[in-house]
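Taking it in order: structure first as structure tokens, then the write-up.
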Amino acid sequence: MNINAIICTIGLGGILFSGQLHAELSAEDLQSMFDRAILTRESGKTFEAIELFETILSNQPTLNRVRLELAVAYHQATRYEDALHEFKLVLDDPSTPENVKLSILAYLGQLTSDELEPAARHSFSYYTKAGLLHNSNINATPGAGLSTIAGISTADKISSTGADINLSVSHRYNLKSPLNVQGAATYFEWQSQLGLASNLYSKTSDYDYTVLSLSTGPAFIAPGRWRASVSLRADQILLGGSTLALFSSINPAITFDFGHYRNLTIESAYTHHSYDKLADLGRDGNETMIGAGYNTLVNANNTGLEAGFRLRQNDAQDTGYAYDDTELYFSGFTALSEQAVIYLRVNRHAYDYEGLDPIVSIQRDEIEILYALGYNRDFQQGVLKNWTFNLEFSATSNNSNAAEYEYDRNLFSTSLSRYFQ
């Protein structure tokens with residue numbers, strides 16, 4: 001039952017406030033306060049709106065239109081007894097039309113159902129993706145010189161087909177009642193995820209790349225206003241079937257919602273790199289990152305655009321592995337139909353190394369650029385119902401002042417994926 005349908009049958013049109021008023025506020029003041037309360041509630045500031053509606057009713061207690069708006073705000077704030085009290089006052093008013101009373105009674109069923117829900121809820125979701133890929137240069141792993149960890153020059157290309165596997169389990173713990181954060185209804189969640197992502201090659205297993213990840217942390221969500229999270233994360237990285245490194249990080253982020261599908265995200269991270277092999281111990285160190293990105297929907301919400309930057313500073317025991325990284329990124333998608341979209345993604349990294357590289361004995365400067373073009377299709381019926389088909393081609397090029405670190409890589413992949421809840 002849509003409560004707006006109930007509200008709109010009472011007090012429609014014109015000035016709501018007339019007749020005998022308390023001396024403190026005029027009819028114009030109350031009308032202005034009412035309009036502001038509606039806009040305030042729609043912006044997510046439920047608790048602030050409640051105060052405004054209560055002030056109006058303290059001056060004009062006979063206004064059922066305002067009382068219904070207050071009841072809705074109480075319901076949104078999970079103040080069920082207060083909401084029920086306000087609805088009953090309207091029901092008991094002889095001047096309330098019978099059709100409105102019937103609508104309120106129907107709505108009370110939803111309110112009662114919401115009240116009976118537990119104060120906190122646990123929910124699980126599962127994600128699976130399986131696919132095939134062809135990599136033109138499996139010994140070139142993008143990202144700050146990782147391509148030479150195995151000791152083979154990236155100029156010696158090895159191409160191979162392989163399997164692309166991604167599995168994850170996510171858990172959310174939600175509190176039903178929102179917090180009052182500066183007048184806004186703000187919901188608390190604790191989010192955790194366990195995941196596995198792996199590329200397994202047919203030609204040789206020396207460059208099989210697997211990441212086992214675990215993350216957990218709180219999130220706060222003020223619908224229509226902002227959302228923030230802090231994630232504690234651990235990534236165990238394996239290369240060629242052997243453990244390569246453990247990355248441990250803390251990742252705070254906040255997203256501001258400007259309405260009309262426009263968002264600004266500010267993110268940061270602090271990561272500790274711990275490598276396993278003696279030859280890689282010079283890479284041990286800490287990385288700090290800060291970034292910002294803006295995204296929006298245009299073209300009747302059929303097209304999405306995102307652009308942003310990330311700045312990283314990586315400290316390593318061997319200064320030849322220490323670097324500053326300036327990343328610029330852009331992505332966009334457009335819907336071909338209700339089920340299909342195409343997308344484009346571009347990432348550009350500029351690496352500025354601090355010391356002499358331990359292999360080539362020069363101070364490296366590199367530009368790495370990745371382009372990806374893809375197609376997604378969601379199946380809504382048949383044996384593949386709820387599955388998503390993906391087709392993607394990406395090209396990576398790394399230009400370096402050291403020939404040993406220059407490479408290019410083309411990656412073609414296709415997969416099926418699905419979320420289970």
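The values are calculated or read from the model by the stated rules, or taken from the named source; none is laboratory data. What you see is a predicted model; the values in this text were computed from it and never measured. Methodologically, a virtual Cβ is constructed for each residue, glycine included, from the backbone with ideal geometry; neighbour enumeration extends over all protein chains shown.
Points worth noting:
- Count of residues meeting criterion [in a helix (DSSP H, G or I) and either farther than 23 Å from residue 91 by Cα or among the small types (Gly, Ala, Ser) (or both)] in the range 24-49: 18
- For the range 50-68, the criterion of a residue being part of a helix (DSSP H, G or I), within 19 Å of residue 222 (Cα to Cα), small (Gly, Ala, Ser) and not assigned by TED's automatic domain parsing to the domain that holds residue 178 is satisfied by no position.
Every residue, every condition in (1) out of contact with any Gly (no Cβ under 8 Å at 6 or more places or on another chain); (2) free of Cβ contacts under 8 Å to residues at least 60 places away in the same chain, yes or no:
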{"site": "202", "(1), (2)": "no, yes"}
{"site": "212", "(1), (2)": "no, yes"}
{"site": "216", "(1), (2)": "yes, yes"}
{"site": "231", "(1), (2)": "no, yes"}
{"site": "235", "(1), (2)": "yes, yes"}
{"site": "253", "(1), (2)": "yes, yes"}
{"site": "274", "(1), (2)": "yes, yes"}
{"site": "280", "(1), (2)": "yes, no"}
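- Of all residues in the range 379-409, those that are touching a Phe, Trp or Tyr at 6+ places or on another chain (Cβ under 8 Å) and either modelled with pLDDT of 95 or more or closer than 29 Å to residue 124 by Cβ (or both) total 12.
- Pair list, Cβ under 8 Å, 6 or more apart: the range 29-40 residue of a type in the set (Gly, Ala, Ser), other residue buried (at least 17 other Cβ atoms within 10 Å of the Cβ): 37/49; 37/52; 37/53; 37/56; 37/69
- Flag for residue 102 being crowded, with 22+ Cβ neighbours inside 10 Å, among the hydrophobic types (A, V, I, L, M, F, W, C) and either on the phi > 0 side of the Ramachandran plot or out of contact with any Gly (no Cβ under 6 Å at 6 or more places or on another chain) (or both): no
- Note on the range 182-217: residues that are among the hydrophobic types (A, V, I, L, M, F, W, C) and loosely packed, with under 15 Cβ neighbours inside 10 Å total 3.
- Here residue 161 fulfils each of the conditions (1) assigned to a loop (DSSP other than H, G, I, E, B); (2) modelled with pLDDT of 95 or more apart from (1).
- Some residue of the range 79-86 being assigned to a helix (DSSP H, G or I), among the aromatic types (Phe, Trp, Tyr) and surrounded by fewer than 18 Cβ atoms within 10 Å (Cβ to Cβ): yes
- Any chance residue 414 is part of a strand (DSSP E or B) and in contact with a Pro (Cβ under 6 Å, 6 or more places away or on another chain): no
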